[in-house]
Amino acid sequence: MEPRKRPQRAVVLLSGGLDSTTLAYLLDAYGFVLYGLSFRYGQRHERELEAARAIAEKLRFAEHRVVTLDLAQWGGSSLVGSGEIPSQPTRGIPSTYVPVRNLVFLAIAHAYAEAIDADAVAIAVSQVDYSGYPDCRGEFLDAYQQAADLASRRFVETRRRIPVLAPFLDVPKSAIVRLGLRLGVDYAETWSCYRGGERPCQECDSCRLRAQAFAEAGVPDPLLQR
């Protein structure tokens, strides 16, 4: 009799937002054992982390870790206190871009994944409906995968890579909403607003993208129905 294979493990970057929550539900539906990784990196509020904790508990993650990094110590982004969060669309890469944030997050996720012998690292980036951040593009993920392979003892010794799963890379946010609703996501439990607070500001870039997604999906945002 062949030895029984263990379920696949995935480290999922969980912000508590619309996209990463849908990704967690998708991986759960595919039978992955989930290990969540969230970051307290100097952002202006804890609301998204509260959402991430609730989602990890609801989906019964095997483990959910919140890693603290002080990216605010050198600034460079309005998300970590350097200037005002814009209320109107801006040209080019907006001030809410946190320098190479996804590179930092993915590197830590891969360290965690190798330590627990996980089978994948999952990230909910999209290069369709997004703010233009350079670390949300397929070009970046391809280059990152190569670097992660070369830095990994597991890959160097056994050629077993830990792949980056980014199933939403070319998916419009409205389609992500539709998928999430089929998977049973309660989007009232998620948080997207850059400003925190009791209710979404409905002015920041993240709120605008979320509003557009629900409008195109033809359903109301339950977070605004409270």
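Assorted remarks:
- Single condition CYS207 does not satisfy, out of (1) buried (at least 17 other Cβ atoms within 10 Å of the Cβ); (2) touching a helix residue (DSSP H, G or I) at 6+ places or on another chain (Cβ under 6 Å); (3) farther than 17 Å from ALA54 by Cα: (2)
- Breaking point among (1) part of a helix (DSSP H, G or I); (2) in contact with a Cys (Cβ under 9 Å, 6 or more places away or on another chain); (3) of a type in the set (A, V, I, L, M, F, W, C), for LEU169: (1)
- Any chance ALA115 is of a type in the set (A, V, I, L, M, F, W, C) and either open to solvent by 20 Å² or more (accessible area, probe 1.4 Å) or modelled with pLDDT under 95 (or both): yes
- Qualifying strands (runs of 3 or more DSSP E) (wholly inside segment 1-110; at least 3 residues being of a type in the set (A, V, I, L, M, F, W, C) and closer than 29 Å to ALA143 by Cβ): 9-13, 33-40
- Selection of segment 150-202 for residues being touching a residue at least 60 places away in the same chain (Cβ under 8 Å), open to solvent by 30 Å² or more (accessible area, probe 1.4 Å) and small (Gly, Ala, Ser) yields GLY184, GLY197.
- Residue list for segment 59-95, filter: among the hydroxyl-bearing types (Ser, Thr, Tyr) and either closer than 27 Å to LEU23 by Cα or surrounded by 17 or more Cβ atoms within 10 Å (Cβ to Cβ) (or both): THR68, SER77, SER78, SER95
- The residues listed here are GLY42, GLY31; of these, the one that is surrounded by 16 or more Cβ atoms within 10 Å (Cβ to Cβ), at positive phi and not hydroxyl-bearing (Ser, Thr, Tyr) is GLY42.
- The listed residue being open to solvent by 30 Å² or more (accessible area, probe 1.4 Å) and either of a type in the set (A, V, I, L, M, F, W, C) or touching a helix residue (DSSP H, G or I) at 6+ places or on another chain (Cβ under 9 Å) (or both), out of GLN146, GLN212: GLN212
The values are calculated or read from the model by the stated rules, or taken from the named source; none is laboratory data. Worth saying up front: this structure is predicted, and the values here are computed from it rather than measured. Glycine also receives a Cβ, built like all others from the backbone with ideal geometry; neighbour counts cover every protein chain displayed. We work out accessible area using only protein heavy atoms, side chains counted, and drop any ligands, DNA or RNA first. Shrake-Rupley method; radii C 1.70, N 1.55, O 1.52, S 1.80 Å.
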